[in-house]
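The structure appears below as structure tokens.
The values are calculated or read from the model by the stated rules, or taken from the named source; none is laboratory data. Please read these numbers as outputs of a predicted model, since none were measured by experiment. Glycine gets a Cβ as well: all are built from the backbone with ideal geometry, and neighbour counts include every protein chain shown.
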């Protein structure tokens, strides 16, 4: 039986979403009945679609079986996506085994936030999600496909693929992962060297050697950031083959899981079963949020999950996250919330253990429709090979209680993500990696408008005190809402020196948000006169996860004029994203220009329909 607190949030989301969800379901029903499909293409259209299909041309021409559209985010610079290079060839072979065919429908960009972190390119990062969504829609617009295989793992890429694919939600769909790289140096050691570099105690050569020992081979980075949080959410939304998330690339087990996913997609397409737009519903969105909270996942999904939900006509907000966080215990500690990485997490029981625990406690909706298996309960098992036979083993006990614990004995009684409200706006804070003694910080503010100025002040010794570092004009409309993870080592050094330090920003932190308390995604953002634009150096700010408060003390902000915003960023292609910056929604609504415009168009269309 589902926990009544989970049910209350779900029912609130259902009621709030009723008109938009109805419009979405009507859209995909119309697409299923009358939309573009192979049998409806003209001969000229159709011939173009299979002209280069080589050995699959007769089967596609005869419509003798389902044709799977592959949308790939492959590139060989991004370690997580490098293994995808050979996947289309494999998928085509696996499809033929079950009387199906497959074609690469299109490719979408995949940028690495690890490469762009703290660089100009990071300003493109969040809006690359909209670009990926539109690229996915372009790929699928040809009407040649009966199912969707999405090849993507990392931060904005999975949300972008899903948002685009949801416009074709009458088709079945799965994400096919490639898995994490093997464990490199210990994460704590990597963190130690970063802080030494920030202090000037080691040089670039030592830092590069450390980073290269951490990020060292094909596969996803092994810390539990946004990419690996994506994988967990896709499992709990039933959009992976059960247990597929954390199996290493280029192994026999990984190959068999890919094969199983292709066979599964072909079977769903033949029976017109489990379309994506019905697999993703209000309950599955709540399940994703619950999994995120229970495992201490990435703060980026406070933006991405509302955007995914909106693409399916579902409205979820930060108050829903906050309420769910009060009901869901933290049962996993994976770096940066613990010492072990996702490989250790998987070996200890991983997503299978988490799924069983949350289902057993009534914290997940077990009656959701899933695409990767027949029920969510199947995700409570981990895959293995016996010879060449793929099988699954249920995981009901933790193999390492420093990393995974049961719901009855959690690391924390709540999920460690809180909503902050006050005269500085609304923000979110992740407490799961922060010592409780630092959940409330009250100190004078030091206000900056970019990351480099913060680092310069740190190097000059100007932050050697209790301080709340405010970095404003980092919101989606100002500069695309970059992650500010580059500040983490410097702020960590200050905290280790005994100062009470916090970060307050309208920007994002990485999925690697760690031990320094950070109130992020502050909304309304500074650009346009938000409260952060009225803060001054020396203002006393109180930031409390204990009380859910973010406020400036003893100041009437309404009496102050906002400071002028910096010029819009230029170079590195950022000017090409001006339309997205100037038209996007708030962080709480998903920070998407595309979805904001789509909502307006949909509302206008609904108003024009005769009653």
Restricting attention to the stretch 564-582, the residues that are farther than 12 Å from residue 121 by Cα and within 22 Å of the chain's Cα centre (by Cα) number exactly 2
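To keep it simple, each residue is scored yes or no on (1) assigned by TED's automatic domain parsing to the domain that holds residue 73; (2) closer than 28 Å to residue 427 by Cβ; (3) in contact (Cβ under 8 Å) with a residue 60 or more places away in the chain.
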residue	(1), (2), (3)
205	no, no, no
210	no, no, no
252	yes, no, yes
255	yes, no, yes
264	yes, no, yes
286	yes, yes, yes
Collect the residues in the stretch 100-125 that are modelled with pLDDT of 95 or more and touching a helix residue (DSSP H, G or I) at 6+ places or on another chain (Cβ under 7 Å), keeping them in residue-number order. 100, 101, 102, 104, 105, 106, 108, 109, 110
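Let's see how each residue does on (1) within 21 Å of residue 268 (Cα to Cα); (2) touching a residue at least 60 places away in the same chain (Cβ under 8 Å); (3) part of a helix (DSSP H, G or I):
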| residue | (1), (2), (3) |
| --- | --- |
| 95 | yes, yes, yes |
| 106 | no, no, no |
| 111 | no, no, no |
| 114 | no, yes, yes |
| 128 | no, no, yes |
| 142 | yes, yes, no |
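Per-residue answers, yes or no, for (1) buried (at least 16 other Cβ atoms within 10 Å of the Cβ); (2) farther than 19 Å from residue 170 by Cβ:
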residue	(1), (2)
19	no, yes
27	yes, no
34	no, no
37	yes, no
60	yes, yes
74	yes, yes
Quick one: would you say residue 346 is under 22 Å from residue 594 (Cβ atoms), surrounded by 21 or more Cβ atoms within 10 Å (Cβ to Cβ) and either modelled with pLDDT of 95 or more or not assigned by TED's automatic domain parsing to the domain that holds residue 15 (or both)? no
Those residues of the stretch 308-325 which are in a helix (DSSP H, G or I) and over 10 Å from the mean Cα position of the chain (by Cα), in sequence order: 309, 310, 311, 318, 319, 320, 321, 322, 323, 324, 325
Residue check, residue 571 against (1) under 23 Å from residue 476 (Cα atoms); (2) in the same structural domain as residue 466 (by TED's automatic domain parsing), all met but one. Which one? (2)
For the stretch 499-512, indicate whether the set of residues that are over 25 Å from residue 154 (Cβ atoms), part of a strand (DSSP E or B) and either over 26 Å from the mean Cα position of the chain (by Cα) or at pLDDT below 95 (or both) is non-empty. yes
Given (1) over 18 Å from residue 228 (Cβ atoms); (2) under 24 Å from the mean Cα position of the chain (by Cα); (3) not in a helix (DSSP H, G or I), residue 165 misses just (3)
Test result for residue 193, out of contact with any strand residue (DSSP E or B) (no Cβ under 8 Å at 6 or more places or on another chain) and farther than 22 Å from residue 336 by Cα: no
